[in-house]
1. Comparing A:21, A:95, A:134, which has the greatest mean-square fluctuation in the GNM of chain A with Cα pairs linked when under 10 Å apart?
2. What are the ³J(HN,Hα) values, in whole Hz, obtained from phi via the Karplus relation 6.51 cos²θ - 1.76 cosθ + 1.60 with θ = phi - 60°, for each residue of the range A:105-117 in sequence order, with x given for Gly and Pro?
3. Once you put a point 7 Å from the Cα of residue B:70 and another 7 Å from the Cα of residue B:89, both along the Cβ direction, what distance in nm separates them?
4. For chain A, report the % of Cα-Cα distances exceeding 19 Å.
5. Counting only other chains, and only Cβ atoms inside 10 Å, what mean value do you get across the residues of B:90-98?
6. Under 5 Å between amide H atoms, partner at least 5 residues away or on a different chain: which partners does residue A:90 have, H built in plane at 1.01 Å?
7. For a test of the definition: using alpha carbon positions, the gyration tensor, and the 1.5 limit on a/c, classify the protein assembly as shown as rounded, prolate or oblate.
8. Show me the GluC sites (Glu not before Pro) within the range A:105-161 that DSSP assigns to loop and that have at most 12 other Cβ atoms within 10 Å of their Cβ.
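Every read-out reported here was derived from the displayed coordinates using simple, explicitly stated rules and does not represent laboratory data. Nothing here was measured: the structure is a model prediction, and the numbers come from that model. Note that we place each Cβ from the backbone using ideal geometry, even for glycine, and neighbour counts take in every protein chain shown.
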Amino acid sequence: MLRTASLALFLFAFWLLLSGHYTPWLVGAGLVISILLALAGRRLGVADDEGHPIGRLLAGFVYWPWLAREIVKSSLSVTRIILDPKLPISPQLFHTRVSARTAVGVATYANSITLTPGTITVGVDREQGTFLVHALTKASAEDVEAGDMDRRVRRFEGRAA
Amino acid sequence: MMDLARDILAGLFLSAGAFFLIAGAIGMNRMPDLFTRMHAASVGDTLGVSLMLIGMVFLAGFTLVTLKLVFLLAFLLFMGPVASHALAAAALQAGVKPMLAADGTKKSAAKRRKSAAKGRKP
């Protein structure tokens, strides 16, 4: 119930920020619709830990800045490769271990790998707990296998399950 | 004076973003196969677009438009990788063979050793 209320609150805040019109009628309509949508989401089963992982928001503020720094770093290195006349690539396809267990954690890790230029998550095997990753260079493949991001996603995911 | 400083700052971000978008486009042309092209494109998708939007945030000043741009950036960063993953997974499923370096996979390394033992070229 608390999660549904929080979802309604987020939807309402989103409405307020996007609309920019603050007449009683529009604000009231937004409030009613937010609550109805949150209730519908609860009934459809999308307002659960997976659909509205509000508990991970604070951990996200620790994880995302680090991810942003990684994106900048690997963007620069891929740009350097692109502009290098010799085009020094050494594409790799390999499996890497995933220690995240929750759906939110696995999705975050897969997306983070894809988001950093130079690596793409091609396949997800949740039974084996591995990802199939394509990397542009041997160095970027080694970065993934070093597991720094894996550990940080694990911390972001919280709970020791 | 403030306006000028803001415009210069925004201009710097916009031109940096444009640089990375162009670099991504050049990479798309230079890379040899689908997967490596996707790596090149993701430079523009992430850093290029982010810098562009940050530049626009500076231009917009602190208004609701700023907030919409921030939302836009967040959505792009959440949904971009999903599309990339879908494309890569679909390509692999459809039988596109990724071009790999000589030591690209553990499997190929094992195969190479085996064929080397038999005295053939891999």
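1. Sorting by GNM fluctuation, first place goes to A:21.
2. Couplings: x, 5, 5, 5, 5, 4, 5, 5, 4, 5, 5, 6, x Hz.
3. Placing both labels 7 Å along Cα→Cβ, they lie 3.2 nm apart.
4. 64
5. That works out to 2 on average.
6. Amide H neighbours of residue A:90, under 5 Å, 5+ apart: A:137, A:138.
7. oblate
8. Hits after loop and neighbour filter: A:127.
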